[in-house]
Amino acid sequence: MANSNPHFLRSSVLPFELRYSDNSNACYKKHTHSEFSIGVVDSGISEYVNQNIKQTIQPGSTVIVNPEEVHSCNPQKGTNWSYKMLYVEPSWLANLQSKISNKNNNNFQPIQMTHSDCPFLYQGFQSLAQTLIENESAIKVEQTAINFFAELFLIDAKIPSIDIISKKAVDCAYQYISDNFDKNISISDIANISGLSDFYLIHSFRKQYGITPHAYQIVMRINRAKELLKQGDNIASIATDLGFTDQSHFHRNFKKMVAATPKQYKKDL
């Protein structure tokens, strides 16, 4: 039997709400809402209606709905589907748009696309959704969200790339993370120190160093963890002292970089 019950996840970091469902046969009448929404079909075929235009959507496509637009998205008759849908407060998006355009505009500028088959956008959404589901650190959630929506705006505006500014400002951000990698710093904290907007910070940092600010913070934490493990420190204490959400978060990131668990690494020293 199909499971029609949706799951709801509300972010504690950003004004986001994620709705997702697996193997569902639930259908929704045409409706509107005040939030901007964007989502993907994970499995099955969907009939998507936006602004009286009907389209067939399948895995690999991203649907985009501006606030107050009449729309619906349902599985084809007699079939089940799995999907994810993210609802975002327009004011948060408007703020990001202002930073990208360097214009002081308090109103959200509607997206022209109603859907996209861009694989980069599809995978970016899946990454953001997974970050929210796994309840990653605040900086990871911020960074992933800014990255994804900035790319959406650039794709919609048909802007292929951005110019990177001030190497000195990015170096300042790098040093700040180096000095505070064990603290619960945010993208906004780093941006303020460097004098860059959140958007330009992430893109400039990645272009200059080949890694995002959050990824660099994790690298610094894991390197320090290896030193502490060599000294015989307790694994649980290391996770707490280095600012990981919990021991599982520490274990997962350590294994990604060292190809061994903290316990295995400590045992073989």
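Order of ARG10, ARG221, ARG206 from fewest to most other C-beta atoms within 10 Å?
With the sparsest Cβ surroundings first, the list reads ARG10, ARG206, ARG221.
For the range 26-98, count all C-alpha to C-alpha pairs, find those more than 13 Å apart, and express that count as a whole percent of the total.
65 percent
Stokes-Einstein D for the range 216-267 at 20 °C, 1.002 mPa s, Kirkwood Rh over Cα pairs, in µm²/s?
After rounding, the answer is 204 µm²/s.
Report the label-to-label distance for SER237 and TYR209 in nanometres (one decimal), using points 7 Å from each Cα along the Cα→Cβ vector.
Modelled inter-label distance: 2.9 nm.
Show that you can apply the helix-only estimate: for the chain, add -39,500 (n - 2.57) for every DSSP H stretch of four or more residues, divide by all residues, and state [θ] at 222 nm to the nearest 500.
-14500 deg cm²/dmol
Give the angle, between 0 and 90 degrees and rounded to the nearest 10, that separates the Cα long axis of helix 198-209 from the longest principal axis of the Cα atoms of the chain.
60 degrees
Distance cut-off 27 Å, Cα to Cα: go down the list LYS30/LYS99; LYS77/LYS158; LYS54/LYS158; LYS99/LYS168 and report the pairs above it. Working shown, then result.
On the way: LYS30/LYS99 33 Å; LYS77/LYS158 35 Å; LYS54/LYS158 24 Å; LYS99/LYS168 20 Å.
In this structure, LYS30/LYS99; LYS77/LYS158 lie more than 27 Å apart at Cα.
Please give the residues of the range 205-241, grouped as numeric ranges, whose backbone N is less than 15 Å from a label point set 7 Å along the Cα-to-Cβ vector of GLN247.
Within reach of a label on GLN247, which here means backbone N under 15 Å from a point 7 Å along Cα→Cβ, the range 205-241 contributes 233-241.
Can you tell me which of 80-90, 39-49 comes out highest on packing, and rank the rest after it, using the mean Cβ neighbours within 10 Å? Let's see the in-between values first.
On the way: 80-90: 20.6, 39-49: 18.7.
Top of the packing list down: 80-90, 39-49.
Using every pair of alpha-carbon atoms in the chain, split the distances into 5 Å bins beginning at 0 and state the percent of pairs per bin, rounded to integers.
1, 5, 12, 14, 15, 14, 12, 10, 8, 5, 2, 1, 0, 0
For helix 247-258, what angle does its Cα long axis make with the longest principal axis of the chain, in degrees from 0 to 90 and rounded to 10?
80 degrees
Grab the other residues whose beta carbon is less than 13 angstrom from that of SER21, score K and R as +1, D and E as -1, and report the net. Display every interim value, and only then the final one.
Values: positive: ARG19, LYS84; negative: ASP22, ASP42.
Residues near SER21 contribute 0 overall.
Treating the angle as unsigned and between 0 and 90°, give the value, to the nearest 10°, between the Cα long axis of helix 90-101 and the longest Cα principal axis of the chain.
Taking the Cα atoms of the chain, the angle to 90-101 is about 70 degrees.
With a cut-off of 8 Å between alpha carbons and a minimum separation of six or more residues, what is the relative contact order of the range 140-269 in percent?
Details: 110 pairs, mean separation 28.0, N = 130.
That works out to 22 percent.
Mind giving me the nanometre distance, one decimal, between the label points for ALA94 and GLN123, set 7 Å out from Cα along Cα→Cβ?
Result for the modelled spin labels: 3.4 nm.
Test of understanding: in a Gaussian network model of the chain with alpha carbons linked when under 10 Å, which of ILE235, ILE190, ILE222 would top the mean-square fluctuation ranking?
Ranking ILE235, ILE190, ILE222 by mean-square fluctuation puts ILE235 first.
For the range 172-186 and the range 104-157, compute the distance between their C-alpha centroids and round to whole Å.
Taking the Cα centre of the range 104-157 as reference, the centre of the range 172-186 is 24 Å away.
The numbers here are math on the coordinates, done by the rules we state, and not lab data. Just so it is clear, the structure is predicted and the values come from calculations on it, not from any experiment. For neighbour counting, all protein chains shown are included, and Cβ atoms are generated from backbone atoms with ideal geometry for every residue, glycine included.
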